[in-house]
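Have a look at the structure below, then the notes.
The values are calculated or read from the model by the stated rules, or taken from the named source; none is laboratory data. Model, not experiment: these values are computed from the prediction. Quick reminder, even Gly has a Cβ in these numbers, built from the backbone with ideal geometry, and neighbours come from all protein chains shown.
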C-alpha cells in the first residue's frame with residue numbers, strides 16, 4: 001500500500017526527507033521531522049521487523065469530523081502490524097480523545113496503536129548511536145569474516161564483549177557496526193557500543209510484536225481511557 005503523499009520539499013522549521021536503506025527494504029522511508037527520522041533509525045535495528053511505511057493510509061474520525069494519517073505502519077516477519085504516532089510528550093495529553101478513537105479503530109482493523117515520544121526515542125542518546133551504526137550499513141565486510149563473527153557470537157548465549165570479538169577474530173569496529181546495522185548480530189536495546197559492551201545473537205522470532213518491539217522503545221500500546 002503506497003504512502004498517501006510524498007515529501008518533496010524542505011521546511012526551515014522541520015527536518016524532512018528520505019532515508020535510503022537498501023539493506024533493510026527496497027523503498028526509501030520518508031520522514032517529516034527529526035523525531036520521525038530518529039524513530040526510524042532505531043526501529044531499523046530491531047530483529048524481526050520486515051518493513052516500515054510512512055503515512056500508509058487515511059482513517060476517518062467520526063467523533064472529530066476529520067481524518068487521521070498514521071506516521072508509520074510497521075510490519076513484522078510474523079505478519080503482525082503496528083501503527084505508530086510519533087509525538088512530542090508535551091502534545092500527547094491534548095490529543096487523548098483523538099488517540100482513544102484511533103486506537104479503537106486500529107483494534108477493529110487488526111492493528112495495535114502506539115504513541116511514542118522523544119524521551120522514548122532519543123533518551124540516553126540512543127537515536128544518536130543508531131545514526132552512527134547506520135553509517136556503516138554498507139561497509140564491506142569479507143563474507144568469511146562476517147560468518148566467523150556471527151558464529152562466534154552465536155556460540156555465546158550470554159553475549160560477548162565487542163573487545164573480545166574484535167581481538168579473537170581481528171575484526172574492526174567498522175565490521176562490528178556493519179553487522180549490527182544489517183541485524184546479523186545485535187547490541188542490547190540501549191545500543192551501547194563501547195569495547196566492554198556486549199553483542200548478542202540475533203533472534204528474529206516474533207511471538208508478540210507489541211510486547212517485543214514495545215520493549216525496544218520502552219513503550220506500550222495506547223490504552224483507551226476516559
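At-a-glance table
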| quantity | calculated |
| --- | --- |
| Hey, residue 170 buried (at least 18 other Cβ atoms within 10 Å of the Cβ), farther than 30 Å from residue 92 by Cα and at pLDDT 95 or above or not | no |
| Matching residues in region 25-55 - criterion: being in a loop (DSSP other than H, G, I, E, B) and modelled with pLDDT of 95 or more | 25, 26, 27, 28, 32, 33, 44, 45, 46, 55 |
| Only listed residue being without any contact (Cβ under 8 Å) to a residue 40 or more places away in the chain, more than 23 Å from residue 20 (Cα to Cα) and surrounded by 13 or more Cβ atoms within 10 Å (Cβ to Cβ), chosen from 145, 179 | 145 |
| Count - residues of region 74-111 that are free of Cβ contacts under 8 Å to residues at least 24 places away in the same chain and either outside any helix (DSSP H, G or I) or under 19 Å from residue 40 (Cα atoms) (or both) | 2 |
| Filter pass, residue 218 being within 15 Å of residue 42 (Cβ to Cβ), under 18 Å from the mean Cα position of the chain (by Cα) and without any contact (Cβ under 8 Å) to a residue 40 or more places away in the chain | no |
| Any hit, region 186-194, residues being surrounded by 12 or more Cβ atoms within 10 Å (Cβ to Cβ), touching a strand residue (DSSP E or B) at 6+ places or on another chain (Cβ under 7 Å) and in a helix (DSSP H, G or I) | no |
| Residue check for residue 65: loosely packed, with under 12 Cβ neighbours inside 10 Å and touching a residue at least 24 places away in the same chain (Cβ under 8 Å) | no |
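Every residue, every condition in (1) part of a helix (DSSP H, G or I); (2) in the same structural domain as residue 44 (by TED's automatic domain parsing), yes or no:
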| position | (1), (2) |
| --- | --- |
| 121 | yes, yes |
| 140 | no, no |
| 144 | yes, no |
| 149 | yes, no |
| 157 | no, no |
| 164 | yes, no |
